[in-house]
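Below is one structure, written out as structure tokens; comments come after it.
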Amino acid sequence: MADRLPRSRSTILVAVLLLTMALAAALAYEAWRAARSHRATAERALRDYASFAAWEFTASSKGKMYSSILYLFNPVMHEQPLRPGERLEDPGAILRPTAREKLCPSATPFAFRLDPSTGVLVFAGSAPSPERQRQIREAVKADLPEYVRDFGYRTITRDSGVAPLSLVYQVKWGPHDTVAAVYGVEFCVGSLAASVFHTVMESGTVLPPALTRGLPNDSLFSVLVWDFAGHPLYRSPHQYPATYTGEHALDAYGGLHTTISINPAVADRLVIGGRPKSRLTLLGALLGLTGVLVAIGLLQLRREHELARLRSDFVASVSHELRTPLAQVRMFAETLRLGRVRSESERARSLEIIDQEARRLTHLVENILQFSRAERQAVRLSLRSCALAPQLREALDSFAPLAAPRRVRVQQSLDERACAIVDLEAFRQIVLNLVDNAIKYSPEGGQVRVLLRTTGEWVRLEVEDEGPGIPAGDRERIWAPFFRLERDVSSAVAGSGIGLAVVRDLVARHGGRTGVDTRHAPARGSTFYVALPRADDVSGGDADQSARAREEADERERATAGAEERT
């Protein structure tokens, strides 16, 4: 039940994180859709402005051309209808010098008068060919029923197959709204409208002033005008990209076609609030950031599960390590208390085992306390410059009883001149953890080599064992708290998984570094090393203390050797 609740909570957290990611994706998508819709609306408004400008430009041009065409027919037209006996004006009156610039740019333009009742066609100027005269007669008579008196004139544009036919004519009315005559000229919208288009572009009001805010037309838009045959009639000096365009076609004047393109640089001024900027990059970045945060959350959740499992394994390992020495201490203490020993040697052996197990318990408890202080950032070091060889020799001597049951020989090769700035208790803890790890994984009756040497600016401590070695992929992970190799978890080798973590933490606090030497193949064991910053030679009391420590160690070695000889 206890294991089921955390799993249920983790499932809920995973579901919440995934739903958060889905919600963020949905919100980003909706924001992108809204921004795209807003931008599309603004662009449609700009294209509508362009269409309106095209219509207004054409309408303004048409109004100015209307006056010019009426001016052409002014000599032959009167408001009153033709009175009985009144003669019709000669069409040559239309070809006066002041109207020449509004006619087609040929050397000999013509004007005509047609009597619809008789079909008689009279020309002034250079009369066209008979075939052309026939086309003019038929075109006017066919179009005449569409003439509306209020219009003032009509234009005819046809493709005759040889040369396009383009005419503009006006009706002279007789009594009782009868058609007395038709006056007309060849119509060239290019000649008639070139100045008109330029005038409208320069000074015409094409877009509402509330939008343009005083900007000239050529800064707002560009204009292209074609005739019915696709020939360009007018092109504004500045041409803008066809991003926001609008068109308008005018059936009159030979089917004028006007296209206006809004200047993209001023498009924001024409739309209230301006065109919305693209938010795709920002939305993508926010969505990506949300994904990264969700991934980090899932990773942290996974790491929390892994840490919980490691801590559970740690508690089980520590409980197992505590149980065995405690059981030994209790058993031999009870043996002594009940007087079950048969000789003095058995009593000494029982006391020796109790001492070994007590040392093992002390070492384990010190590791746990040191690890706890490191977790709480409560480690305080008292650094001093000292010779490391005597300290290392003393730590190894104190550890000898723990190595004795496995009959592992500890070989020492120590540089007596090696000096470093260390905390003595922390250094002792480092040495004991490394040697304990080496003895634990070495075969029974094997050998552990401890080397202390000076290399440049570093003092290097190496502990080499004859164990199974460390796989290359795990040589960094073994320094992590609670981590143990899979082969060790399922083996009989006991361990808490914090010894090497304590070593790395203490060495790092000394400004040193740790590692596993990869010079040997895994089958030949491992070499764990610690590099500490080198210090100058010790002086004064430290030197005397180191000398005394060496003398005491030598005396203990001599005493041990004598006892072995007597045995």
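Per-structure values
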read-out	value
Subset of region 90-103 [in a loop (DSSP other than H, G, I, E, B) and crowded, with 17+ Cβ neighbours inside 10 Å]	Leu103
Search result, residues across region 429-456 that are buried (at least 17 other Cβ atoms within 10 Å of the Cβ) and among the hydroxyl-bearing types (Ser, Thr, Tyr)	Tyr441, Ser442
Subset of region 66-89 [in contact with a strand residue (DSSP E or B) (Cβ under 7 Å, 6 or more places away or on another chain) and in a loop (DSSP other than H, G, I, E, B)]	Val76, Met77, Pro81, Leu82, Leu88
Filtered residues of region 457-478 (kept if open to solvent by 40 Å² or more (accessible area, probe 1.4 Å) and out of contact with any strand residue (DSSP E or B) (no Cβ under 7 Å at 6 or more places or on another chain))	Pro468, Pro471, Ala472, Gly473, Glu476, Arg477
In region 334-368, the residues that are more than 19 Å from Arg323 (Cβ to Cβ) and exposed (fewer than 14 other Cβ atoms within 10 Å of the Cβ)	Arg337, Leu338, Gly339, Arg340, Arg342, Ser343, Glu344, Ser345, Ala348, Arg349, Glu352
Candidates Arg158, Arg132, filtered to the one that is without any contact (Cβ under 8 Å) to a residue 40 or more places away in the chain and assigned to a helix (DSSP H, G or I)	Arg132
In region 118-177, residue farthest from the chain's Cα centre (by Cα) [restricted to those that are β-branched (Val, Ile, Thr) and open to solvent by less than 50 Å² (accessible area, probe 1.4 Å)]	Val122
Val140, sole failed condition from (1) in a helix (DSSP H, G or I); (2) more than 24 Å from Thr178 (Cα to Cα); (3) at pLDDT 85 or above	(2)
Count of region 450-483 residues which are part of a loop (DSSP other than H, G, I, E, B) and without any contact (Cβ under 8 Å) to a residue 12 or more places away in the chain	1
Odd one out for Gly92 among (1) without any contact (Cβ under 8 Å) to a residue 24 or more places away in the chain; (2) touching a Gly at 6+ places or on another chain (Cβ under 9 Å)	(1)
Meets criteria (in contact with a Ser or Thr (Cβ under 9 Å, 6 or more places away or on another chain), open to solvent by less than 80 Å² (accessible area, probe 1.4 Å) and touching a residue at least 60 places away in the same chain (Cβ under 8 Å)) for Phe110	yes
Number of the condition not met by Phe187 [criteria: (1) open to solvent by less than 30 Å² (accessible area, probe 1.4 Å); (2) under 25 Å from Ser126 (Cα atoms); (3) in contact with a helix residue (DSSP H, G or I) (Cβ under 6 Å, 6 or more places away or on another chain); (4) touching a residue at least 60 places away in the same chain (Cβ under 8 Å)]	(3)
Count of region 37-73 residues which are surrounded by 15 or more Cβ atoms within 10 Å (Cβ to Cβ) and more than 41 Å from the chain's Cα centre (by Cα)	18
Single residue of Leu461, Leu500, Leu414, Leu452 found to be touching a Lys or Arg at 6+ places or on another chain (Cβ under 9 Å) and under 27 Å from Ala378 (Cα atoms)	Leu461
Pairs where the first residue, in region 329-342, is free of Cβ contacts under 8 Å to residues at least 12 places away in the same chain and the second is open to solvent by less than 80 Å² (accessible area, probe 1.4 Å), C-beta under 7 Å, 6+ apart	Val341/Thr335; Val341/Ser350
Any hit, region 9-18, residues being among the charged types (D, E, K, R), in a helix (DSSP H, G or I) and out of contact with any helix residue (DSSP H, G or I) (no Cβ under 8 Å at 6 or more places or on another chain)	yes
Index of the failed condition, Arg347 passing every other in (1) assigned to a helix (DSSP H, G or I); (2) charged (D, E, K, R); (3) closer than 23 Å to Asn433 by Cβ	(3)
Test: residue in region 107-128 that is modelled with pLDDT under 85 and either of a type in the set (A, V, I, L, M) or out of contact with any strand residue (DSSP E or B) (no Cβ under 7 Å at 6 or more places or on another chain) (or both)	yes
Condition met for Ser126 (in contact (Cβ under 8 Å) with a residue 12 or more places away in the chain, in contact with a Phe, Trp or Tyr (Cβ under 6 Å, 6 or more places away or on another chain) and hydroxyl-bearing (Ser, Thr, Tyr))	yes
Residue that is farthest from the chain's Cα centre (by Cα), among those in region 369-393 that are among the polar types (S, T, N, Q) and open to solvent by less than 60 Å² (accessible area, probe 1.4 Å)	Gln391
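Every residue, every condition in (1) outside any loop (DSSP other than H, G, I, E, B); (2) surrounded by 12 or more Cβ atoms within 10 Å (Cβ to Cβ); (3) of a type in the set (A, V, I, L, M), yes or no:
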{"site": "Ser191", "(1), (2), (3)": "yes, yes, no"}
{"site": "Ala194", "(1), (2), (3)": "yes, yes, yes"}
{"site": "His198", "(1), (2), (3)": "yes, yes, no"}
{"site": "Met201", "(1), (2), (3)": "yes, yes, yes"}
{"site": "Val206", "(1), (2), (3)": "no, yes, yes"}
{"site": "Ser219", "(1), (2), (3)": "yes, yes, no"}
{"site": "Leu224", "(1), (2), (3)": "yes, yes, yes"}
{"site": "Gly246", "(1), (2), (3)": "yes, yes, no"}
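Residue by residue, here is whether (1) assigned to a helix (DSSP H, G or I); (2) of a type in the set (Val, Ile, Thr); (3) in contact with a strand residue (DSSP E or B) (Cβ under 8 Å, 6 or more places away or on another chain) holds:
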residue: Ile353; (1), (2), (3): yes, yes, no
residue: Glu357; (1), (2), (3): yes, no, no
residue: Arg360; (1), (2), (3): yes, no, no
residue: Glu366; (1), (2), (3): yes, no, no
residue: Gln370; (1), (2), (3): yes, no, no
residue: Ile430; (1), (2), (3): yes, yes, yes
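The rows are residues; the columns are (1) part of a helix (DSSP H, G or I); (2) modelled with pLDDT of 75 or more; (3) open to solvent by less than 20 Å² (accessible area, probe 1.4 Å); (4) of a type in the set (Gly, Ala, Ser).
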{"residue": "Thr258", "(1), (2), (3), (4)": "no, yes, yes, no"}
{"residue": "Thr281", "(1), (2), (3), (4)": "yes, yes, no, no"}
{"residue": "Leu286", "(1), (2), (3), (4)": "yes, yes, no, no"}
{"residue": "Leu289", "(1), (2), (3), (4)": "yes, yes, no, no"}
{"residue": "Leu299", "(1), (2), (3), (4)": "yes, yes, no, no"}
{"residue": "Arg303", "(1), (2), (3), (4)": "yes, yes, no, no"}
{"residue": "Asp313", "(1), (2), (3), (4)": "yes, no, no, no"}
{"residue": "Glu321", "(1), (2), (3), (4)": "yes, no, no, no"}
{"residue": "Leu326", "(1), (2), (3), (4)": "yes, yes, no, no"}
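Matching residues to (1) at pLDDT 90 or above; (2) over 28 Å from Glu425 (Cβ atoms); (3) aliphatic (A, V, I, L, M); (4) open to solvent by 10 Å² or more (accessible area, probe 1.4 Å):
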{"position": "Ala480", "(1), (2), (3), (4)": "no, no, yes, yes"}
{"position": "Gly499", "(1), (2), (3), (4)": "no, no, no, yes"}
{"position": "Arg504", "(1), (2), (3), (4)": "yes, no, no, yes"}
{"position": "Val507", "(1), (2), (3), (4)": "yes, no, yes, no"}
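The values are calculated or read from the model by the stated rules, or taken from the named source; none is laboratory data. Being a predicted model, the structure only gives us computed values, none of them experimental. Heads up, the Cβs are rebuilt from the backbone with ideal geometry, glycines too, and the neighbour counts pull from every protein chain shown. Quick note on the areas: whole protein, heavy atoms, side chains included, nothing else; ligands and nucleic acids left out. Shrake-Rupley method; radii C 1.70, N 1.55, O 1.52, S 1.80 Å.
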